[in-house]
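The next block holds one structure in the form of structure tokens; read it before the comments.
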Amino acid sequence: RQRYVEKDGKCNVQHGNVRETYRYLTDIFTTLVDLKWRFSLLIFILAYALTWLFFGLIWWVIAYSRGDLEHLGDHSWTPCVNNLNGFVSAFLFSIETETTIGYGHRVITEKCPEGIVLLLLQAILGSMVNAFMVGCMFVKISQPNKRAETLVFSSHAVVSLRDDRLCLMFRVGDLRDSHIVEASIRAKLIQSKQTQEGEFIPLDQTDLSVGFETGDDRLFLVSPLIISHEIDERSPFWDVSRGQLERDDFEIVVILEGMVEAT
């Protein structure tokens with residue numbers, strides 16, 4: 001049976017017929033963080049390569065327009081950039097400028113005001129590209145997506161008596177020594193329903209109380225804990241029999257939230 005949420009936490013809901021796709025570009029930082037790694041690395045490489053090529057082309061145009069390429073080897077001529085003799089050397093000078101390598105072989109002279117302005121623009125733009133792309137990569141690397149691999153849920157949930165009250169119970173445990181700080185747990189019942197007015201609501205979400213009123217939903221997850229939902233008058237399972245429970249098509253999604261202590 002197709003699930004709403006897989007066991008590894010991946011949602012099977014896919015967005016379709018999205019017309020206002022420009023909204024993804026208005027929040028470009030989150031869009032880049034949400035991309036798959038291969039696309040993020042591709043954009044990371046292109047962001048630097050294209051800026052190097054762009055400014056390298058401008059450095060070559062300045063040298064060409066000033067006549068520096070026509071006076072190669074003329075020691076009486078002061079070029080805009082020393083030892084810039086073609087597009088390849090202009091591209092290398094662009095890389096050295098933006099990455100602040102500074103090998104010293106190619107260097108700008110004081111007789112080139114347009115080159116000085118371009119140098120300032122490339123230094124500023126290069127810092128902005130570094131801040132944006134490195135920040136994006138740092139956020140993507142620090143995402144604890146695989147932290148859930150060491151969070152273990154019980155294979156089956158059970159309905160049984162506990163303190164003479166009928167309860168739906170399951171177990172959760174953390175395998176790592178580094179704890180999850182301020183861990184809290186919620187449970188949602190995903191089930192289609194029809195209202196009294198005849199409206200059909202697909203995949204309706206209903207809260208299952210797992211101790212919100214008493215504070216039991218705040219977990220100190222040092223050792224495995226049993227999470228309990230009491231089936232009382234407020235529970236959506238109050239009027240459901242055992243046979244109906246086996247026949248009904250529904251899904252319970254458990255959400256465990258918290259901060260990773262190590263990060």
Please go through (1) in contact with a helix residue (DSSP H, G or I) (Cβ under 8 Å, 6 or more places away or on another chain); (2) open to solvent by 50 Å² or more (accessible area, probe 1.4 Å); (3) not basic (Lys, Arg) for Asp207 and return the number of the only condition it doesn't satisfy.
(1)
Yes or no: Glu98 surrounded by 16 or more Cβ atoms within 10 Å (Cβ to Cβ), over 30 Å from Leu151 (Cβ atoms) and in contact (Cβ under 8 Å) with a residue 40 or more places away in the chain?
yes
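Return yes or no: is Arg19 in contact with a strand residue (DSSP E or B) (Cβ under 8 Å, 6 or more places away or on another chain), at negative phi and not in a helix (DSSP H, G or I)? Step through it out loud before you land on a result.
Details: in contact with a strand residue (DSSP E or B) (Cβ under 8 Å, 6 or more places away or on another chain): no; at negative phi: yes; not in a helix (DSSP H, G or I): yes.
No: the conditions fail for Arg19.
How many residues does the range 97-112 hold that are touching a strand residue (DSSP E or B) at 6+ places or on another chain (Cβ under 9 Å) and aliphatic (A, V, I, L, M)? I'd like the intermediate steps shown before the answer.
Here is the first cut: in the range 97-112, the residues touching a strand residue (DSSP E or B) at 6+ places or on another chain (Cβ under 9 Å) are 97, 106-109, 112.
Then drop every residue that is not aliphatic (A, V, I, L, M), which leaves 107-108.
Residues that pass the stated criteria total 2.
Can you tell me how many residues within the range 38-73 are assigned to a loop (DSSP other than H, G, I, E, B) and either open to solvent by 60 Å² or more (accessible area, probe 1.4 Å) or of a type in the set (A, V, I, L, M, F, W, C) (or both)? It would help to see each step written out before you state the result.
Of the residues in the range 38-73, the ones assigned to a loop (DSSP other than H, G, I, E, B) are 67, 72-73.
Pick out the ones that are also either open to solvent by 60 Å² or more (accessible area, probe 1.4 Å) or of a type in the set (A, V, I, L, M, F, W, C) (or both) and you get 72-73.
Total meeting the criteria: 2.
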Just to be sure I understand, how many residues within the range 156-178 are in contact (Cβ under 8 Å) with a residue 12 or more places away in the chain, open to solvent by 100 Å² or more (accessible area, probe 1.4 Å) and farther than 23 Å from Glu246 by Cα?
2
Residues being surrounded by 10 or more Cβ atoms within 10 Å (Cβ to Cβ), in contact with a Lys or Arg (Cβ under 9 Å, 6 or more places away or on another chain) and either within 27 Å of Leu121 (Cβ to Cβ) or modelled with pLDDT under 85 (or both): count how many of those fall in the range 5-37.
1
Among residues of the range 1-56 being touching a Leu at 6+ places or on another chain (Cβ under 9 Å) and not hydrophobic (A, V, I, L, M, F, W, C), the residue farthest from Asp249 (Cα to Cα) is Gly56
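Do we find that Pro113 is at pLDDT 90 or above, open to solvent by less than 80 Å² (accessible area, probe 1.4 Å) and either on the phi < 0 side of the Ramachandran plot or not assigned by the TED database to the domain that holds Leu57 (or both) in this structure? Reasoning before the result, please.
Numbers: at pLDDT 90 or above: yes; open to solvent by less than 80 Å² (accessible area, probe 1.4 Å): no; either on the phi < 0 side of the Ramachandran plot or not assigned by the TED database to the domain that holds Leu57 (or both): yes.
So Pro113 fails the test.
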Could you list all residues from the range 116-155 that are more than 12 Å from the chain's Cα centre (by Cα), of a type in the set (Lys, Arg) and open to solvent by less than 60 Å² (accessible area, probe 1.4 Å)?
Arg147
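Within the range 216-256, which residues are open to solvent by less than 90 Å² (accessible area, probe 1.4 Å), of a type outside the set (A, V, I, L, M, F, W, C) and more than 21 Å from Ile201 (Cα to Cα)? Before you say what the answer is, go through the steps one by one.
Taking the range 216-256 as the starting set, the residues that turn out to be open to solvent by less than 90 Å² (accessible area, probe 1.4 Å) are 217, 219, 221-232, 235-237, 240-241, 243-245, 248, 250-256.
From what is left, the residues that are of a type outside the set (A, V, I, L, M, F, W, C) are 217, 223-224, 228-230, 232, 235-236, 241, 243-244, 248, 251.
Within the range 216-256, Asp217, Ser223, Pro224, Ser228, His229, Glu230, Asp232, Ser241, Gly243 meet the criteria.
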Output the number of the condition that Pro202 fails; it satisfies all remaining conditions of (1) loosely packed, with under 11 Cβ neighbours inside 10 Å; (2) at pLDDT 90 or above.
(2)
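The values are calculated or read from the model by the stated rules, or taken from the named source; none is laboratory data. Bear in mind the structure is a predicted one, so any value in this text is a computation, not a measurement. Cβ coordinates were reconstructed from backbone atoms using ideal geometry, including for glycine residues, and neighbour counts include every protein chain displayed. Each accessible area value is taken on the protein alone, full model and side chains, heavy atoms only, with ligands, DNA and RNA left out. Shrake-Rupley method; radii C 1.70, N 1.55, O 1.52, S 1.80 Å.
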